[in-house]
Amino acid sequence: MPRTVVIGAGIAGLSTAYFLQKLHGRDADYLLLESSGHLGGKITTYAGDGFLVEGGPDSFLTQKRAALDLCRELGLGDQLIGSNQTATPSTYVLSKGRLHPMPEGMMLMAPTMILPVLRSRLISWPGKLRMGLEIFVGRNTTDPDESLGSFVRRRLGAEMLEKIAGPLMAGIHSGDPDSLSLRSTFPMFLELEAKHRSLVLGMMRRKKAQASAQAGASASKPAPDKHTSMFTTLSGGVQQLPDALVSRLDPERIGLNCPVQSLTWEGDPAQGGGYRVTLAGGASAPAENVVFATPAYVTAEIVERLDPALAGNLRKIRYVSTATVSLAFRRSEITCELNGFGFIVPRSEGRRINACSWSSAKFKHRAPEDSVLLRVFIGGAFAEELAEQDEDALIEVARQELREILGITATPILARAYRWRKSVPQYNVGHGLLIQEIERGLATHPGLYLAGAAYHGSGIPECIQRGAETAAKIHRGERLPHPSGAPAACGPAPVALGAASTS
Ligand SMILES: Cc1cc2nc3c(=O)[nH]c(=O)nc-3n(C[C@H](O)[C@H](O)[C@H](O)COP(=O)(O)OP(=O)(O)OC[C@H]3O[C@@H](n4cnc5c(N)ncnc54)[C@H](O)[C@@H]3O)c2cc1C
């Protein structure tokens, strides 16, 4: 296998290296370079005093199989835990200062049951009437890349956007619903509209079809997959996944504290050439394939000298800053009931937090029995400056907001803040076309690959899937001839990692 340098050891880079090793076995010639001293990128779990605190992701979707399958492949099958199914209703919405349960049967923005919506005190009667009119709304025939906000307003009304779809769906991407592309973030709703015209009718038909398929399947099929809950995590925290990947990799092929600075093409085209990956301290390594598993703006810096136009397009992917603050309290000192997964906060409430997960109610093993663990989300497209404050200020914001919203006046027994500066890529309107443009540019550089959260899905499963696909492409030797004419070949010299890591 020709030498591959993977840049960035988040879940995307680790997965790419793992699948390369799996496909090539002993011949796997890769080098994984990570700028920090941590393996796992945004995945980071703190364990101490009986608490498990997630700094970044706390779970992954099971619907997209890649993460679940990889956990099982790595021997973590018995560590998988679903979210607490007895917590009903699972999510609350803050409205006029009070928490209201999300109407039962809501699939993100689409109601699948009529009665719970009618009974809900969250939505006003004009809002309910407007939602009901959804069944008469026609398809969008004019805008090929409609924003999430425009889609929800058009189909279900402004109140649904303000109270549910905005904080819940745009919240997942820490984004502005009027900028996010529906096609690039929640394409299933486009498909529903295309197929059934009405989301409400489409969801109901789908639910009916699923129920009859399940009834048929349960008669003939044994043992269903026990991880049927939408969100799954690992009993020791999400960090178990990158740790398990690292344990399968050759430690000699991982360079920590190795920030990559630039990439150049070198060699005489007539005799073949290759890339040279240069680290901030000046050490360098030859490579025939290079996988960028770094944020797009970092990738832009690295490829700037090689291809300024490609770098320019990569920089067009906007990133926003977010922060999470985890606070633990003694159960006896809390008066509010925490029966559910937590609450979301519409912008119209004018608060400084976007959402709060009741981590110890959402998943088992997150806190000792006599304590509760809560996790607050701050920042995003509308309040980046809030997320960029120092840790103490973030903790203070979280405490004040929980005091006012939940009446929690107790002193936390644990408080941890994580700042994620320019961490969440925004799949804004035009994202699909921009990615096509970037991929066209990339195709002129044989052996260069983009993995990571910025392009085709930002969740953990998509990052793993992309890593697997990238490794498979390298394995198949899918390379275009270099524009300069000669096929690329890389030299045998290994990078001087020791020198690089001290630089
Ligand atoms: C607060 C938060 C909560 C989230 N919750 C969830 C969730 O519950 N479920 C879910 O599925 N997803 C969630 N996500 C999204 C998901 O965590 C990320 O999209 C995913 O982990 C990104 O992985 P990645 O490998 O693409 O990038 P990263 O994890 O960002 O890894 C990139 C790596 O590149 C390294 N790097 C940067 N520059 C260089 C350089 N010059 N040279 C070498 N290395 C470099 C970085 O140090 C980092 O380790 C969440 C994200 C955040 C911020």
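Take the alpha carbon atoms of region 423-483, find their center, do the same for region 37-106, and report the distance between the two centers in whole angstrom.
Comparing the Cα centres of region 423-483 and region 37-106, I get a distance of 26 Å.
Which of 362/473; 207/364; 64/316; 362/422; 42/473 have a Cα-Cα distance over 31 Å?
362/473
For region 402-444, just the Cα set please: Rg and Dmax, both in angstrom.
21.0, 59
Using the Kirkwood radius built from alpha carbon pairs, what does the Stokes-Einstein equation give as D for the chain at 4 °C and 1.567 mPa s, in µm² per second?
53
If you add up the charges near residue 51, with Lys and Arg at +1 and Asp and Glu at -1, over every other residue whose beta carbon is less than 15 angstrom from its beta carbon, what do you get?
So the environment of residue 51 carries a net charge of +2.
For residue 163, list the lysines whose Cα falls under 18 Å from its own Cα; do not include residues on the same chain fewer than 8 positions away.
The reachable lysines, counting only those whose Cα sits under 18 Å from residue 163, are 96, 128.
Of all the accessible heavy-atom surface of the chain, with the other protein chains kept in place and a 1.4 Å probe, what percent is carbon and sulfur?
So the carbon and sulfur contribution to the accessible surface is 54 percent.
Return the lysines within reach of residue 208: Cα separation strictly under 21 angstrom, same-chain partners fewer than 8 residues apart disregarded; answer none if there are no such residues.
195, 221
For region 105-220, what does the accessible surface come to per residue with a 1.4 Å probe? Please give it in Å².
Spelled out: the 1.4 Å probe surface of region 105-220, per residue, equals 49 Å².
In Å and whole numbers, how far do the C-alpha atoms of region 27-152 stretch along each principal axis, longest first?
In descending order, the Cα extents are 62, 45, 27 Å.
With +1 assigned to the C-beta of every Lys and Arg and -1 to the C-beta of every Asp and Glu, and no other charges, what is the dipole magnitude of the chain about the Cα centre in debye, to the nearest 20?
It works out to roughly 1760 debye.
Along the principal axes of its C-alpha atoms, what lengths does region 243-295 span, in descending order and rounded to whole Å?
43, 22, 22
Size of the dipole of region 105-220 about the Cα centre, Lys and Arg at +1 and Asp and Glu at -1 on the beta carbon, nothing else charged, in debye to 20?
600
Please give me the summed charge of the neighbours of residue 436: other residues whose Cβ is under 14 Å from its Cβ, Lys and Arg +1, Asp and Glu -1. Kindly include the intermediate steps, with their values, before the conclusion.
Values: positive: 183, 316, 440; negative: 145, 437, 439.
Summing Lys and Arg as +1 and Asp and Glu as -1 gives 0.
Output the DSSP H helices from the chain with an along-axis C-alpha extent of no less than 18 Å and a mean Kyte-Doolittle hydropathy no less than -1.0.
Passing helices, by number: 11-24, 199-220, 391-406, 460-476.
Select from 13, 46, 338 the residue farthest towards the positive end of the dipole of the chain; place +1 on Cβ of Lys and Arg, -1 on Cβ of Asp and Glu, and compute about the Cα centre.
It is 338, whose Cα lies furthest towards the positive end.
At q = 0.19, 0.29 Å⁻¹, work out log10 I(q)/I(0) for region 64-107 with the Debye formula, treating every Cα as an identical point scatterer and leaving solvent out; two decimals please.
Rounded to two decimals, the profile gives -0.72, -0.99.
With point charges of +1 on the Cβ of Lys and Arg and -1 on the Cβ of Asp and Glu, referenced to the Cα centre of the chain, which listed residue (291, 30, 164) lies farthest in the positive direction of the dipole?
164
For residue 280, what is the net charge nearby, where nearby means another residue's Cβ is under 13 Å from its Cβ and Lys, Arg count +1, Asp, Glu -1?
Taking every Cβ under 13 Å from that of residue 280, the sum is -2.
Would you work out the Kirkwood radius for region 105-220? I mean one over the mean of 1/r across all pairs of different Cα atoms, in Å. Don't skip to the answer; put the middle values down first.
Details: mean 1/r = 0.0675 Å⁻¹.
One over the average 1/r among Cα pairs gives 14.8 Å for region 105-220.
Using the crude model of +1 on Lys and Arg Cβ and -1 on Asp and Glu Cβ, and no other charge, please compute the dipole size for region 296-422 relative to its Cα centre, in debye to 20.
In debye, rounded to 20, region 296-422 gives about 360.
Within the chain, what percent of beta bridges assigned by DSSP are antiparallel, to the nearest 5?
Details: 51 of 69 bridges.
Once the DSSP bridges in the chain are tallied, antiparallel ones form about 75 percent.
Do you know the relative contact order of region 105-220, to the nearest whole percent, from alpha carbon pairs under 8 angstrom that are 6+ apart?
Relative contact order here is 30 percent.
The values are calculated or read from the model by the stated rules, or taken from the named source; none is laboratory data. Just so you know, these numbers come straight off a predicted model, no measurement behind them. Note that each Cβ is placed from the backbone with ideal geometry, even for glycine, and that neighbours are counted across all protein chains shown. Ligands, DNA and RNA are excluded from the accessible area calculation, which covers all protein heavy atoms including side chains. Shrake-Rupley method; radii C 1.70, N 1.55, O 1.52, S 1.80 Å.
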